[in-house]
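The values are calculated or read from the model by the stated rules, or taken from the named source; none is laboratory data. Keep in mind the model is a prediction, meaning the values are calculated, not measured. Cβ atoms come from the backbone with ideal geometry, glycine included; neighbour counts cover every protein chain shown.
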Amino acid sequence: MTAKADELFARIPEPEQPSLDRCYSIVVAGVGGTGIITVGALLGMAAHLEGKGVSVLDMTGVAQKGGAVTTFVKIAARPEGLHTIRIAAGEANVIIGSDLLVTAENSIISRMRRGVTRAVINTNRMATVAFIRNPDLETPWVAMEEGVRDVIGADATRFLDATRIATALLGDALATNIFLLGYACQMGIIPVSRLALFKAIELNGAMVDLNQRAFEWGRLTCHDPASVARQMKPAETAIGSDRAIAPDLESAIARRVDFLTAYQDAGLAQRYRSQVDRVRVKESCVAGASMRLTDAVARNYFKLLAIKDEYEVARLYTDGEFERQVAAAFEGDYSLRYHFAPPLWVKPDKVTGVPVKRAYGAWMRPVLKALAKCKGVRGTWLDPFGHAQERRLERQLIADYERTIAELERGLDAGNLALAVDVATLPATIRGYGHVKRKNIDLAKTRELALLEQFRKPFPQSVPLAA
């Protein structure tokens with residue numbers, strides 16, 4: 001792709017620069033640890049190289065990595081044109097938003113003004129700390145985009161999934177912010193030249209080639225998004241070609257049967273299909289064309305059977321798909337490092353008590369291949385991992401679910417079908433690992449007891465169920 005990319009870059013026209021008849025204000029907003037401060041430093045160096053006045057103010061807050069970070073950059077034609085370093089309300093000429101959640105905060109929105117501000121914003125949806133505490137949290141992404149448009153106008157705003165594009169083209173999400181800088185430069189809203197920014201990247205000395213190419217890909221995406229989409233398509237197809245959503249329930253069941261066969265063996269796959277088929281027969285007798293309970297069991301029983309344990313992690317890393325994805329994303333000479341927290345010898349953090357991952361080199365691959373071949377001992381007395389409390393609990397959950405589904409089958413009628421579906425769906429609420437998972441199990445069990453108590457009560461009359 002390198003030669004083709006260079007050819008495409010050569011066709012990009014030089015971007016225009018906005019007038020510097022007054023001080024120009026740029027806000028770079030995003031998450032710490034992804035290069036927000038670097039973008040501000042590059043803008044500052046580029047302005048310095050051109051002899052312009054510049055101030056850079058980094059607002060890292062209480063968390064420099066993983067928390068909201070904002071950089072204020074002010075550029076003037078001459079140093080004496082600078083009077084303040086903060087950007088006041090309604091004063092921002094440019095917003096470079098690498099994270100929509102941060103960009104839509106009041107502290108950033110308040111600095112925008114219609115007719116003054118133009119923005120380029122990454123729409124990639126990153127998980128937040130709040131999501132860890134509440135897995136069912138729904139973030140109003142669309143409303144946040146509309147909020148920005150309402151303030152500065154749709155014509156002044158460019159939204160794009162820069163993380164997805166940069167990762168597909170360069171194999172590294174850390175290229176996202178430099179990509180956005182290139183995009184903004186080509187929009188003609190950055191008051192320093194492309195050459196100065198290119199030189200600033202070089203002087204920065206960190207991943208120079210990657211960052212310069214990210215910058216150029218950003219410019220090309222602004223100028224000719226169609227050609228960029230064509231360059232992305234082969235890599236994205238190679239990485240995600242087998243991940244299409246099953247079109248119907250039968251296809252979804254068949255896909256899970258194939259997965260369980262690879263996960264363990266044909267015996268586990270047949271155990272799964274037999275359970276789902278029994279539920280389907282019972283539901284059809286009680287509720288006709290309804291497949292609600294069958295669908296719930298097909299999804300949730302599979303979730304309990306196909307836990308991502310040590311053998312499964314080893315299989316996923318060594319079945320060939322992982323290597324294919326890496327080869328599609330990276331070129332040239334690269335090395336792999338695996339980050340694991342092996343339960344048999346991992347040391348927990350002294351403060352939090354949470355297992356700490358360690359990095360392992362390429363020598364780990366043959367170990368993983370050997371471990372993947374041992375999946376047949378999963379759950380037996382020969383399984384060295386199976387004696388752990390979490391693994392025993394996971395096996396118990398499977399047995400409990402099978403008994404519960406058997407009870408639902410025996411007592412199912414048209415009047416309690418909805419309750420049965422609620423019970424069968426409860427494993428979907430069991431998320432996470434370790435203490436987080438145990439807490440969710442306790443909540444699910446409490447909810448299950450309440451639902452089963454209602455399910456066991458006789459329904460007063462037969463209620464016809466719509467198909």
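Observations on the structure shown:
- Remark: pairs (first residue in segment 325-336, over 21 Å from residue 232 (Cα atoms); second residue surrounded by 13 or more Cβ atoms within 10 Å (Cβ to Cβ) and at pLDDT 75 or above; Cβ separation under 8 Å; 6+ apart in sequence or on different chains) = 336/326; 336/365.
- Restricting 12, 108 to residues that are surrounded by 20 or more Cβ atoms within 10 Å (Cβ to Cβ) and either modelled with pLDDT under 95 or not basic (Lys, Arg) (or both) narrows the list to 108.
- Of the helices (runs of 4 or more DSSP H) contained entirely in segment 307-387, those carrying at least 2 residues that are in contact with a strand residue (DSSP E or B) (Cβ under 9 Å, 6 or more places away or on another chain) fall at 310-318, 364-373.
- Filtering segment 170-192 for residues that are small (Gly, Ala, Ser), under 15 Å from residue 219 (Cα atoms) and in contact with a Pro (Cβ under 6 Å, 6 or more places away or on another chain) leaves a non-empty set.
- Criterion applied to 29, 41, 46 was being modelled with pLDDT of 90 or more and either outside any helix (DSSP H, G or I) or at positive phi (or both), and the one residue passing it is 29.
- Residue that is modelled with the highest pLDDT [pool: residues in segment 431-467 that are among the basic types (Lys, Arg) and over 24 Å from residue 393 (Cβ atoms)]: 456
- For segment 170-198, taking the residues that are of a type in the set (Gly, Ala, Ser) and part of a loop (DSSP other than H, G, I, E, B), the one that is nearest to residue 49 (Cα to Cα) is identified as 193.
- Flag for residue 59 being more than 18 Å from residue 121 (Cα to Cα), assigned by TED's automatic domain parsing to the domain that holds residue 191 and without any contact (Cβ under 8 Å) to a residue 24 or more places away in the chain: yes
- Matching residues in segment 349-396 - criterion: being over 22 Å from residue 316 (Cα atoms), at pLDDT below 90 and surrounded by 12 or more Cβ atoms within 10 Å (Cβ to Cβ): 354
- Condition check for residue 321: over 30 Å from residue 213 (Cα atoms), of a type outside the set (A, V, I, L, M, F, W, C) and surrounded by 10 or more Cβ atoms within 10 Å (Cβ to Cβ): no
- Taken over segment 76-104, residues that are out of contact with any Asp or Glu (no Cβ under 9 Å at 6 or more places or on another chain) and in contact (Cβ under 8 Å) with a residue 40 or more places away in the chain amount to 17.
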